[in-house]
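**Student:** Have a look at this one.
The values are calculated or read from the model by the stated rules, or taken from the named source; none is laboratory data. Nothing here was measured: the structure is a model prediction, and the numbers come from that model. Every residue, glycine among them, receives a Cβ derived from its backbone with ideal geometry; neighbour counts consider all protein chains shown.
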Amino acid sequence: MEKLVIIPTFNEKENIEKIIDTVICLQLNYHILIIDDNSPDGTAEIIKSILFKYPGQLFLEQRTGKLGLGTAYIYGFKWAIEKGYQFIFEMDADFSHNPTDLERLYLACKNGSDLAIGSRYIKGGEIVNWPSNRILLSKGASLYTRLITWMPIKDPTAGFVCYKKVVLETIRLDAIAFVGYAFQIEMKFATWKLGFKIQEVPITFIDREYGNSKMNKGIIKEGILGVINLRCQSIFKNYRRKLTLANNII
(Lines give C-alpha, C1' and ligand atoms only; values in the text may rest on other atoms or scores of the structure.)
Protein backbone atom coordinates (compact mmCIF):
# COMPACT_ATOMS: atom_id res chain seq x y z
CA MET A 1 0.00 0.00 0.00
CA GLU A 2 1.65 3.17 -1.17
CA LYS A 3 -0.75 5.96 -2.18
CA LEU A 4 -3.91 7.04 -0.36
CA VAL A 5 -6.20 9.90 -1.43
CA ILE A 6 -8.26 11.29 1.45
CA ILE A 7 -11.51 12.98 0.38
CA PRO A 8 -13.70 14.53 3.11
CA THR A 9 -17.37 14.87 2.13
CA PHE A 10 -20.44 16.73 3.23
CA ASN A 11 -23.33 16.82 0.76
CA GLU A 12 -21.42 15.73 -2.34
CA LYS A 13 -23.94 13.35 -3.91
CA GLU A 14 -23.58 14.96 -7.35
CA ASN A 15 -19.82 14.45 -7.43
CA ILE A 16 -18.78 11.55 -5.25
CA GLU A 17 -19.26 8.52 -7.50
CA LYS A 18 -17.71 10.26 -10.48
CA ILE A 19 -14.63 11.43 -8.56
CA ILE A 20 -14.07 7.93 -7.16
CA ASP A 21 -14.39 6.33 -10.60
CA THR A 22 -12.06 8.91 -12.14
CA VAL A 23 -9.28 8.46 -9.56
CA ILE A 24 -9.34 4.67 -9.60
CA CYS A 25 -9.64 4.49 -13.38
CA LEU A 26 -6.32 6.30 -13.65
CA GLN A 27 -4.98 2.79 -13.01
CA LEU A 28 -2.07 4.16 -11.03
CA ASN A 29 -2.80 2.24 -7.82
CA TYR A 30 -4.42 5.03 -5.85
CA HIS A 31 -6.53 3.97 -2.90
CA ILE A 32 -9.30 6.29 -1.67
CA LEU A 33 -10.54 6.99 1.84
CA ILE A 34 -13.81 8.92 2.02
CA ILE A 35 -14.56 10.56 5.36
CA ASP A 36 -18.21 11.55 5.39
CA ASP A 37 -19.62 13.85 8.07
CA ASN A 38 -23.13 12.39 8.14
CA SER A 39 -24.19 14.08 4.88
CA PRO A 40 -27.98 14.50 4.89
CA ASP A 41 -28.09 14.27 1.08
CA GLY A 42 -27.15 10.58 1.08
CA THR A 43 -23.50 10.85 0.02
CA ALA A 44 -22.48 7.93 2.26
CA GLU A 45 -25.21 5.70 0.86
CA ILE A 46 -23.91 6.29 -2.65
CA ILE A 47 -20.41 5.29 -1.55
CA LYS A 48 -21.70 2.17 0.18
CA SER A 49 -23.48 1.16 -3.02
CA ILE A 50 -20.23 1.11 -5.00
CA LEU A 51 -17.79 -0.32 -2.44
CA PHE A 52 -18.14 -3.71 -4.12
CA LYS A 53 -16.69 -2.29 -7.35
CA TYR A 54 -13.34 -1.46 -5.78
CA PRO A 55 -12.54 -3.98 -3.00
CA GLY A 56 -9.31 -3.11 -1.24
CA GLN A 57 -9.11 0.28 -2.99
CA LEU A 58 -12.12 2.24 -1.72
CA PHE A 59 -12.82 2.81 1.97
CA LEU A 60 -15.50 4.75 3.84
CA GLU A 61 -15.38 6.17 7.35
CA GLN A 62 -18.56 7.84 8.63
CA ARG A 63 -18.64 10.38 11.43
CA THR A 64 -21.62 11.45 13.50
CA GLY A 65 -21.87 15.07 12.38
CA LYS A 66 -20.27 18.01 10.59
CA LEU A 67 -17.06 18.17 12.60
CA GLY A 68 -14.90 20.27 10.28
CA LEU A 69 -12.45 19.79 7.45
CA GLY A 70 -9.38 19.78 9.66
CA THR A 71 -10.61 17.07 12.00
CA ALA A 72 -11.60 14.95 8.99
CA TYR A 73 -8.09 15.14 7.57
CA ILE A 74 -6.48 14.45 10.96
CA TYR A 75 -8.69 11.37 11.25
CA GLY A 76 -7.63 10.34 7.76
CA PHE A 77 -3.94 10.96 8.42
CA LYS A 78 -4.00 8.72 11.49
CA TRP A 79 -5.89 6.04 9.54
CA ALA A 80 -3.33 6.22 6.72
CA ILE A 81 -0.35 5.97 9.08
CA GLU A 82 -1.87 2.97 10.84
CA LYS A 83 -2.42 1.22 7.50
CA GLY A 84 1.13 1.94 6.34
CA TYR A 85 0.55 4.25 3.35
CA GLN A 86 3.72 6.08 2.25
CA PHE A 87 2.17 8.98 0.32
CA ILE A 88 -1.01 10.62 1.62
CA PHE A 89 -3.02 13.07 -0.46
CA GLU A 90 -5.69 15.66 0.28
CA MET A 91 -8.22 16.29 -2.47
CA ASP A 92 -11.69 17.82 -2.80
CA ALA A 93 -14.64 15.80 -4.07
CA ASP A 94 -15.95 18.46 -6.46
CA PHE A 95 -13.38 18.25 -9.32
CA SER A 96 -11.87 21.62 -8.46
CA HIS A 97 -8.72 19.49 -8.23
CA ASN A 98 -7.99 17.54 -11.40
CA PRO A 99 -7.37 13.86 -10.53
CA THR A 100 -4.76 13.60 -13.28
CA ASP A 101 -2.59 16.00 -11.25
CA LEU A 102 -2.30 13.46 -8.43
CA GLU A 103 0.59 11.80 -10.21
CA ARG A 104 2.47 15.09 -10.55
CA LEU A 105 2.22 15.64 -6.79
CA TYR A 106 3.25 12.04 -6.16
CA LEU A 107 6.31 12.32 -8.40
CA ALA A 108 7.38 15.54 -6.67
CA CYS A 109 7.44 13.68 -3.34
CA LYS A 110 8.86 10.50 -4.85
CA ASN A 111 11.77 12.55 -6.23
CA GLY A 112 12.77 14.24 -3.00
CA SER A 113 10.12 16.59 -1.62
CA ASP A 114 8.34 15.89 1.65
CA LEU A 115 5.25 17.95 0.87
CA ALA A 116 4.01 18.72 -2.63
CA ILE A 117 1.40 21.47 -2.98
CA GLY A 118 -0.91 21.86 -5.96
CA SER A 119 -0.43 25.59 -6.36
CA ARG A 120 -2.66 28.12 -8.09
CA TYR A 121 -0.26 31.02 -7.57
CA ILE A 122 3.06 29.98 -9.03
CA LYS A 123 4.01 30.22 -12.69
CA GLY A 124 1.83 27.85 -14.68
CA GLY A 125 -0.96 27.75 -12.09
CA GLU A 126 -4.37 29.29 -12.69
CA ILE A 127 -7.99 29.51 -11.55
CA VAL A 128 -10.95 28.88 -13.83
CA ASN A 129 -14.58 29.98 -13.30
CA TRP A 130 -14.17 31.67 -9.94
CA PRO A 131 -15.83 35.09 -9.56
CA SER A 132 -13.43 37.99 -9.23
CA ASN A 133 -14.32 38.62 -5.58
CA ARG A 134 -13.47 35.02 -4.66
CA ILE A 135 -10.13 35.24 -6.48
CA LEU A 136 -9.37 38.51 -4.69
CA LEU A 137 -10.22 36.92 -1.33
CA SER A 138 -8.02 33.89 -1.99
CA LYS A 139 -5.04 35.86 -3.29
CA GLY A 140 -5.39 38.33 -0.44
CA ALA A 141 -5.42 35.49 2.09
CA SER A 142 -2.29 34.00 0.55
CA LEU A 143 -0.44 37.32 0.61
CA TYR A 144 -1.61 38.03 4.16
CA THR A 145 -0.42 34.61 5.31
CA ARG A 146 3.01 35.02 3.75
CA LEU A 147 3.44 38.50 5.25
CA ILE A 148 2.45 37.43 8.76
CA THR A 149 4.14 34.03 8.95
CA TRP A 150 7.11 34.60 6.58
CA MET A 151 6.33 31.18 5.17
CA PRO A 152 7.84 30.92 1.63
CA ILE A 153 4.77 29.31 0.06
CA LYS A 154 2.82 31.09 -2.69
CA ASP A 155 -0.42 29.16 -2.10
CA PRO A 156 -0.58 28.45 1.66
CA THR A 157 -4.35 27.88 1.63
CA ALA A 158 -4.20 25.18 -1.07
CA GLY A 159 -6.15 22.01 -0.33
CA PHE A 160 -4.62 19.73 -2.97
CA VAL A 161 -1.43 18.27 -1.49
CA CYS A 162 0.69 15.15 -1.04
CA TYR A 163 2.52 14.37 2.21
CA LYS A 164 5.18 11.78 2.75
CA LYS A 165 4.28 9.54 5.65
CA VAL A 166 7.30 10.74 7.65
CA VAL A 167 5.89 14.28 7.78
CA LEU A 168 2.58 13.17 9.28
CA GLU A 169 4.37 10.81 11.67
CA THR A 170 6.59 13.64 12.89
CA ILE A 171 3.91 16.28 13.39
CA ARG A 172 1.95 15.94 16.61
CA LEU A 173 -1.38 15.88 14.81
CA ASP A 174 -3.44 16.44 17.95
CA ALA A 175 -1.62 19.76 18.39
CA ILE A 176 -3.04 21.12 15.11
CA ALA A 177 -5.60 23.57 16.42
CA PHE A 178 -7.63 24.74 13.45
CA VAL A 179 -10.49 22.93 11.77
CA GLY A 180 -11.55 25.13 8.85
CA TYR A 181 -9.84 27.60 6.55
CA ALA A 182 -6.76 27.90 8.76
CA PHE A 183 -6.14 24.14 8.94
CA GLN A 184 -4.42 24.08 5.55
CA ILE A 185 -2.21 26.98 6.60
CA GLU A 186 -1.25 25.43 9.92
CA MET A 187 -0.30 22.08 8.38
CA LYS A 188 2.00 23.80 5.89
CA PHE A 189 3.40 26.04 8.62
CA ALA A 190 4.13 23.02 10.81
CA THR A 191 5.80 21.18 7.92
CA TRP A 192 7.94 24.21 7.13
CA LYS A 193 8.87 24.86 10.77
CA LEU A 194 10.04 21.27 11.14
CA GLY A 195 12.43 21.70 8.24
CA PHE A 196 10.81 19.42 5.68
CA LYS A 197 11.30 20.06 1.96
CA ILE A 198 8.27 21.68 0.33
CA GLN A 199 7.62 21.98 -3.40
CA GLU A 200 4.80 23.80 -5.18
CA VAL A 201 3.48 22.19 -8.37
CA PRO A 202 1.39 24.39 -10.71
CA ILE A 203 -2.22 23.29 -11.20
CA THR A 204 -5.37 24.61 -12.81
CA PHE A 205 -8.07 25.01 -10.19
CA ILE A 206 -11.60 24.80 -11.61
CA ASP A 207 -14.62 25.96 -9.61
CA ARG A 208 -17.15 23.26 -8.76
CA GLU A 209 -19.98 22.62 -11.23
CA TYR A 210 -22.27 20.80 -8.79
CA GLY A 211 -22.98 21.27 -5.10
CA ASN A 212 -22.29 24.22 -2.84
CA SER A 213 -19.10 25.75 -1.53
CA LYS A 214 -18.43 25.20 2.18
CA MET A 215 -16.85 28.66 2.62
CA ASN A 216 -18.48 30.88 5.25
CA LYS A 217 -17.71 33.88 7.47
CA GLY A 218 -16.64 31.70 10.39
CA ILE A 219 -14.04 29.94 8.25
CA ILE A 220 -12.67 33.27 7.00
CA LYS A 221 -12.49 34.64 10.55
CA GLU A 222 -10.62 31.55 11.72
CA GLY A 223 -8.13 32.06 8.90
CA ILE A 224 -7.47 35.70 9.75
CA LEU A 225 -7.06 35.16 13.48
CA GLY A 226 -5.37 31.79 13.08
CA VAL A 227 -2.48 33.19 11.05
CA ILE A 228 -1.78 35.81 13.71
CA ASN A 229 -1.91 33.12 16.38
CA LEU A 230 0.57 30.93 14.49
CA ARG A 231 3.00 33.81 14.19
CA CYS A 232 2.69 34.69 17.89
CA GLN A 233 3.26 31.08 18.91
CA SER A 234 6.34 30.81 16.73
CA ILE A 235 7.79 33.99 18.26
CA PHE A 236 6.89 33.66 21.93
CA LYS A 237 6.65 29.88 22.37
CA ASN A 238 8.62 26.85 21.29
CA TYR A 239 6.25 25.98 18.47
CA ARG A 240 8.54 23.26 17.15
CA ARG A 241 8.51 21.52 20.53
CA LYS A 242 4.72 21.75 20.68
CA LEU A 243 4.50 20.00 17.31
CA THR A 244 6.80 17.09 18.08
CA LEU A 245 6.68 16.49 21.81
CA ALA A 246 4.42 13.42 21.57
CA ASN A 247 6.81 11.68 19.22
CA ASN A 248 10.03 12.45 21.16
CA ILE A 249 11.62 13.82 18.00
CA ILE A 250 13.62 16.54 19.75
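**Student:** Does at least one position in segment 180-200 carry a residue that is among the β-branched types (Val, Ile, Thr), over 30 Å from Glu17 (Cα atoms) and surrounded by 21 or more Cβ atoms within 10 Å (Cβ to Cβ)?
**Tutor:** Step one: filter segment 180-200 for residues among the β-branched types (Val, Ile, Thr), giving 185, 191, 198.
Adding the requirement that they be over 30 Å from Glu17 (Cα atoms) leaves 191, 198.
After this cut, where a residue has to be surrounded by 21 or more Cβ atoms within 10 Å (Cβ to Cβ) as well, the list is 191.
Yes, because at least one residue in segment 180-200 is among the β-branched types (Val, Ile, Thr), over 30 Å from Glu17 (Cα atoms) and surrounded by 21 or more Cβ atoms within 10 Å (Cβ to Cβ).
**Student:** Could you tell me whether any residue of segment 55-73 is touching a Lys or Arg at 6+ places or on another chain (Cβ under 8 Å), part of a strand (DSSP E or B) and either at pLDDT below 95 or more than 21 Å from Asn38 (Cα to Cα) (or both)?
**Tutor:** Within segment 55-73 (the criterion being touching a Lys or Arg at 6+ places or on another chain (Cβ under 8 Å), part of a strand (DSSP E or B) and either at pLDDT below 95 or more than 21 Å from Asn38 (Cα to Cα) (or both)), the answer is no, since none of the residues qualifies.
**Student:** Go through the residues of segment 51-72 one by one and say whether even a single one is at negative phi, exposed (fewer than 15 other Cβ atoms within 10 Å of the Cβ), touching a residue at least 40 places away in the same chain (Cβ under 8 Å) and under 16 Å from the mean Cα position of the chain (by Cα).
**Tutor:** no
**Student:** With the structure loaded, tell me whether Arg134 is among the basic types (Lys, Arg) and either under 13 Å from the mean Cα position of the chain (by Cα) or crowded, with 20+ Cβ neighbours inside 10 Å (or both) or whether it fails that test. Steps first, please.
**Tutor:** Numbers: among the basic types (Lys, Arg): yes; either under 13 Å from the mean Cα position of the chain (by Cα) or crowded, with 20+ Cβ neighbours inside 10 Å (or both): no.
Against the criterion (among the basic types (Lys, Arg) and either under 13 Å from the mean Cα position of the chain (by Cα) or crowded, with 20+ Cβ neighbours inside 10 Å (or both)), Arg134 does not qualify.
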